[in-house]
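S.K.: Mind looking over this structure? Questions follow.
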């Protein structure tokens, strides 16, 4: 008799985050007129880049090397973008939503994996932030854009806030599901509010040089 193993909450977050990030990366590659293979590479890099760096630092085998499902999900994302490209390429809000969902889910997945390996909270928060944000950095490098986390938008900070919320909820003995879902929603909410209300950190700049925003207003 064949027994079906029910995925854990961590695995569900990991799978959905992979699909969401792969779609966001493939969509941006399509906007840059990459061919199908190039778009797939960008999608895979977006989906597994942060988790790969996390696993290397944690001293474990990168997650995608033990299960082909992550590469398969990236292929599904490519098919999704090919089929719906006329809508996705034109709709920046759609890309933003997929990216924000991936950011939230991967942050929580990275946090949980570090804690499962008995690392302290401060390491877990760093690993969650890396899992959520590093794939986007690699994506932006591949498509020749300044990485989003280095611009004025709040991106990695949302991961840190979500990580701190995870830590507090866990200390308060909330259940695993409540803690994971709540911290993921906080990451998503912070990211959405930051973009909606144009919230950002102060920009570090040379006093003698105008910022890009000031330059564009001239």
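The values are calculated or read from the model by the stated rules, or taken from the named source; none is laboratory data. The structure displayed is predicted, hence computed values, not measured ones. Note that each Cβ is placed from the backbone with ideal geometry, even for glycine, and that neighbours are counted across all protein chains shown.
S.K.: Has the stretch 146-164 got any residue that is assigned to a helix (DSSP H, G or I), farther than 13 Å from residue 191 by Cβ and touching a helix residue (DSSP H, G or I) at 6+ places or on another chain (Cβ under 6 Å)?
M.R.: Yes, the stretch 146-164 contains at least one residue that is assigned to a helix (DSSP H, G or I), farther than 13 Å from residue 191 by Cβ and touching a helix residue (DSSP H, G or I) at 6+ places or on another chain (Cβ under 6 Å).
S.K.: Quick one: is residue 71 surrounded by fewer than 19 Cβ atoms within 10 Å (Cβ to Cβ) and part of a helix (DSSP H, G or I)?
M.R.: Working: surrounded by fewer than 19 Cβ atoms within 10 Å (Cβ to Cβ): yes; part of a helix (DSSP H, G or I): yes.
When the stated conditions are applied, residue 71 passes them.
S.K.: Condition (residue is more than 14 Å from the chain's Cα centre (by Cα) and outside any helix (DSSP H, G or I)) applied to the stretch 123-133: is it met by at least one residue?
M.R.: Within the stretch 123-133, not a single residue is more than 14 Å from the chain's Cα centre (by Cα) and outside any helix (DSSP H, G or I).
S.K.: For residue 128, which of the numbered conditions (1) in contact with a helix residue (DSSP H, G or I) (Cβ under 7 Å, 6 or more places away or on another chain); (2) surrounded by fewer than 23 Cβ atoms within 10 Å (Cβ to Cβ); (3) under 25 Å from residue 202 (Cα atoms); (4) without any contact (Cβ under 8 Å) to a residue 40 or more places away in the chain fails to hold?
M.R.: Among (1) in contact with a helix residue (DSSP H, G or I) (Cβ under 7 Å, 6 or more places away or on another chain); (2) surrounded by fewer than 23 Cβ atoms within 10 Å (Cβ to Cβ); (3) under 25 Å from residue 202 (Cα atoms); (4) without any contact (Cβ under 8 Å) to a residue 40 or more places away in the chain, the lone unmet condition for residue 128 is (2).
S.K.: How many residues does the stretch 146-176 contain that are in contact (Cβ under 8 Å) with a residue 40 or more places away in the chain, more than 17 Å from residue 126 (Cβ to Cβ) and surrounded by 14 or more Cβ atoms within 10 Å (Cβ to Cβ)?
M.R.: The total comes to 3.
S.K.: Just a yes or no: is a residue in the stretch 57-66 under 24 Å from residue 184 (Cβ atoms) and crowded, with 24+ Cβ neighbours inside 10 Å?
M.R.: The answer is no; no qualifying residue exists.
S.K.: For the structure I just gave you, tell me whether residue 43 is at pLDDT 90 or above, over 22 Å from residue 195 (Cα atoms) and either crowded, with 19+ Cβ neighbours inside 10 Å or within 15 Å of the chain's Cα centre (by Cα) (or both).
M.R.: Judged against the criteria, residue 43 is a match.
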